[in-house]
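Undergrad: Please read through the structure below; I'll follow up with questions.
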């Protein structure tokens, strides 16, 4: 396949690639960027394409890998490292601020609903939200790990049900 034929084939698949981006993102601009990056990489690495290979599958693989790499890069960019002597700060930036009255009230209402849970659900749920692992909770409460998971699940469901009006 010549370079012109290859370019024409890829250009013909633009709408198919655009539809495939719905698996990765619902943001239109991000979707267009992903298609553009995929086409650019396909044209750049044309010499890597083999004639006996499915072009659409090859493009989909490029798109998937591009999305994964961009996701990982963005995730690393949102992480900050604490280089202070005594580690005064957390290693991940905290995006939440509860200094506005509206958010403070919502926060208090959520925790009021959490604290209204039955004790058998409240204890495992609070332990899980403070960072304990399932097996640690099970050992501490002397119950099976499946029971811990079940109680945390039911605690979440009860909290969601009590907060439906928000």
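The numbers here are math on the coordinates, done by the rules we state, and not lab data. Given the structure is predicted, the values throughout are model-derived calculations rather than measurements. So basically every Cβ, Gly included, is an ideal-geometry build from the backbone, and we count neighbours across all protein chains shown.
Undergrad: Between residue 120 and residue 73, what is the label-point separation in nm under the 7 Å Cα-to-beta-carbon projection?
TA: Each label point is offset 7 Å from its Cα along the Cβ direction, giving 5.2 nm.
Undergrad: Quick one: the Cα spread of the stretch 115-162 along its three principal axes, in angstroms, biggest first?
TA: In descending order, the Cα extents are 29, 19, 14 Å.
Undergrad: Please give the length that would be gained between residue 29 and residue 111 if that part of the chain were fully extended, namely 0.36 nm times their separation in residues minus their C-alpha to C-alpha distance (nm, one decimal).
TA: So the chain would gain 25.8 nm between residue 29 and residue 111.
Undergrad: Which order results if 4, 110 are arranged by neighbouring Cβ count within 10 Å, fewest first?
TA: Exposure proxy ranking, most exposed first: 4, 110.
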